[in-house]
Amino acid sequence: MLFPSKYICLNKNQFINGVFKIVPIRYEDRFDIMNWRNEQIFHLRQRELLTKESQEIYFKKNISKLFDNNKPDQILFSYLKNNVCIGYGGLVHINWSDMNAEISFLINTKEEVDFNFHWNIFLGLIEQVAFLEICLHKIYVYAFDLRPHLYKVLLNSNYFKDAVLKDHVFFNNNYIDVVIHSKINAK
């Protein structure tokens, strides 16, 4: 199987900031992504550990179909430093009627110490996709209230605190809040 490498819904498929770039999610990165998701399951909406088999099936049956869709429900990217994948993310839960999407981002667990640095770079790159390529009206971050350090980067990048969903998710035998930060396209 030849895995696709370009989204037909985008005119441009690479977004670059110095040695960092995002490119359409690469098949070769699937097991690294699986490992990072399993290592960081505590702050994801993922309920069980991924396996190589489940990851393979997901990429072949779900991810591959996104590339040839004019209005996919998600647009995912490998996040590269010097052409080495150190994370991944994209626009998910894309609502083409209301022109909004959630931002998703996960960094290599070893790079988590520099999360805010990478988060800031990724936000700048994904905003190019959201606002310049597919002309979304609004993008947002839906986060379990477990890592408040990511909010500072959002606020410094002109996102606003849009909502707090009180006791919204059951986590480690407790209900915790979900915090949503948003940014509207300035056009």
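The values are calculated or read from the model by the stated rules, or taken from the named source; none is laboratory data. Keep in mind that what you see is a predicted model, and the values were worked out from it rather than measured. Neighbour counts run over all protein chains shown; Cβ positions are idealised from the backbone, glycine included. Just the protein is used for accessible areas: all its heavy atoms, side chains included, with ligands, DNA and RNA removed. Shrake-Rupley method; radii C 1.70, N 1.55, O 1.52, S 1.80 Å.
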*Looking only at region 67-112, count how many residues are more than 9 Å from the chain's Cα centre (by Cα), among the aliphatic types (A, V, I, L, M) and at pLDDT 95 or above.*
6
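Quick one: how many residues across region 62-72 are open to solvent by 90 Å² or more (accessible area, probe 1.4 Å) and either more than 13 Å from LEU2 (Cα to Cα) or β-branched (Val, Ile, Thr) (or both)?
Pass one, region 62-72, residues open to solvent by 90 Å² or more (accessible area, probe 1.4 Å): 65, 68, 70-71.
From what's left, either more than 13 Å from LEU2 (Cα to Cα) or β-branched (Val, Ile, Thr) (or both): 68, 70-71.
Qualifying residue count, region 62-72: 3.
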*Restricting attention to region 44-61, and to residues there that are surrounded by fewer than 14 Cβ atoms within 10 Å (Cβ to Cβ) and part of a helix (DSSP H, G or I), which single residue is modelled with the lowest pLDDT?*
SER54
*Any idea which of (1) of a type in the set (A, V, I, L, M); (2) touching a residue at least 24 places away in the same chain (Cβ under 8 Å); (3) in contact with an Asp or Glu (Cβ under 8 Å, 6 or more places away or on another chain) is the one LEU150 doesn't satisfy?*
(3)
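State yes or no: is VAL92 within 29 Å of ASP167 (Cα to Cα) and in contact with a Ser or Thr (Cβ under 6 Å, 6 or more places away or on another chain)? I'd like the intermediate steps shown before the answer.
Working: within 29 Å of ASP167 (Cα to Cα): yes; in contact with a Ser or Thr (Cβ under 6 Å, 6 or more places away or on another chain): yes.
When the stated conditions are applied, VAL92 passes them.
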